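Notes follow the structure.
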Amino acid sequence: MLSDNITSIVNGGINITNTTSNMTSVEEEEEDIWPAYLTWIQKFFAFWSILCSFAICREIIADPRNKRNCRSNNASPRMPKQTGSSLQSSIGRILINLSIADMIFSFAVFLGEWPAPKDTMYIHHARGNVGFCTFQGWLRAVGYLASPMFSIALNGFFLLLVRYRWRDQQLWRLEYKVTAGIWLYCLAWSIVPIPLQAYNSDWDVCWVVSAPIDCIDDCTRGLGAMYLEIYFTFIHIWVCLVSTIVLMVILVRTVKSIEDKASKYNHHPNCKVTAARSGKNTIKGETTVPFSLNQPTNN
């Protein structure tokens with residue numbers, strides 16, 4: 001009788017232990033599936049980001065009006081006449097570099113959790129290794145650093161063109177220095193985390209974090225990753241964001257000022273007389289550009 005009670009108690013304890021372990025495994029499985037579920041959403045948007053950036057590059061490169069601007073200011077007799085305005089060549093190349101940076105970043109995001117090492121906890125579709133994870137983190141860092149910097153360059157070149165009336169030759173000289181400087185800066189900073197072993201799995205993508213995931217005192221890789229992450233995620237991004245906002249505000253105010261001056265000129269009572277003397281026809285609703293890029297401005 002006593003032995004039967006002891007046996008039932010032992011069996012009951014075993015059943016409780018098995019039930020607890022099963023509940024723990026279910027919780028771990030649910031926690032494992034949730035990040036993987038989210039990564040499929042980011043893969044979808046990353047894929048479309050790559051396609052849209054590629055379309056922008058293709059549109060700029062394939063436009064014959066932009067090719068004509070690169071060769072000379074005069075149209076080739078063999079080239080059919082095109083209507084509309086072409087994109088300034090230096091600004092077009094800055095926009096191509098911005099799209100390339102976006103494609104690099106989006107491709108790294110599209111890879112998602114696949115490059116993470118197979119033994120990484122809580123990562124459902126981890127199929128890579130440390131080297132592949134480092135490569136993904138490096139790609140993401142290059143695009144992450146370059147994209148906002150080329151946004152600043154794009155706004156800055158528009159401002160030089162519209163507000164300060166820089167010519168194509170002046171923009172061309174500055175363009176190559178800015179482009180080379182941005183790419184060298186991004187490549188240099190993206191290489192810094194590699195010897196520090198700071199590129200590790202960060203749930204949905206490899207990034208500048210310590211390993212294992214969410215470690216504090218028991219980290220085995222990337223002990224100084226926190227300081228690099230602060231620079232990448234906060235200092236660099238916020239400086240670029242504030243700079244872009246300032247340039248955009250100045251550019252908007254400049255364009256608004258030009259439009260106000262053009263509107264006053266078009267509605268001036270002597271506007272039609274001046275246009276008739278110069279041999280130009282005024283079109284209703286047309287905005288007069290106060291300067292020309294190909295001719296010297298007379299004050």
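Quick grid of which residues meet (1) on the phi > 0 side of the Ramachandran plot; (2) modelled with pLDDT under 95:
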position: ASP32; (1), (2): no, yes
position: SER72; (1), (2): no, yes
position: MET103; (1), (2): no, no
position: GLY112; (1), (2): yes, yes
position: HIS124; (1), (2): no, yes
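I need the full set of residues from region 199-219 which are in a loop (DSSP other than H, G, I, E, B) and modelled with pLDDT of 85 or more, in order please.
First, the residues of region 199-219 that are in a loop (DSSP other than H, G, I, E, B): 203-204, 209-210, 212-219.
Result: VAL209, SER210.
Go through LEU241, LEU145 for me and flag whichever is within 21 Å of SER99 (Cα to Cα), open to solvent by less than 30 Å² (accessible area, probe 1.4 Å) and not polar (S, T, N, Q). Reasoning before the result, please.
Numbers: LEU241 fails: open to solvent by less than 30 Å² (accessible area, probe 1.4 Å).
Going through LEU241, LEU145 in turn, just one is within 21 Å of SER99 (Cα to Cα), open to solvent by less than 30 Å² (accessible area, probe 1.4 Å) and not polar (S, T, N, Q): LEU145.
Give me the pairs: first residue in region 135-149 and more than 18 Å from SER53 (Cβ to Cβ), second residue open to solvent by 10 Å² or more (accessible area, probe 1.4 Å) and among the acidic types (Asp, Glu), beta-carbon distance under 9 Å, and six or more apart or on different chains, which are they?
GLY137/ASP202
Can you go through LEU187, LEU196 and tell me which one is part of a loop (DSSP other than H, G, I, E, B), within 27 Å of LEU223 (Cβ to Cβ) and open to solvent by 60 Å² or more (accessible area, probe 1.4 Å)? Quick ask: steps written out before the conclusion?
Values: LEU187 fails: part of a loop (DSSP other than H, G, I, E, B).
From the options LEU187, LEU196, the qualifying one is LEU196.
Take region 157-178 and flag every residue that is in a helix (DSSP H, G or I), open to solvent by 20 Å² or more (accessible area, probe 1.4 Å) and not hydrophobic (A, V, I, L, M, F, W, C).
Correct list: ASP168, GLN169, GLN170, ARG173, TYR176, LYS177.
Can you find even one residue in region 258-280 that is modelled with pLDDT of 85 or more, open to solvent by less than 80 Å² (accessible area, probe 1.4 Å), of a type in the set (Val, Ile, Thr) and part of a helix (DSSP H, G or I)?
Taking every residue of region 258-280 in turn, at least one turns out to be modelled with pLDDT of 85 or more, open to solvent by less than 80 Å² (accessible area, probe 1.4 Å), of a type in the set (Val, Ile, Thr) and part of a helix (DSSP H, G or I).
The values are calculated or read from the model by the stated rules, or taken from the named source; none is laboratory data. Owing to the predicted nature of the structure, the values given are computational and were not obtained by experimental measurement. Positions of Cβ are generated from backbone atoms using ideal geometry, with glycine treated the same way; all protein chains shown enter the neighbour counts. Protein only, heavy atoms only, side chains kept; ligands, DNA and RNA dropped before computing areas. Shrake-Rupley method; radii C 1.70, N 1.55, O 1.52, S 1.80 Å.
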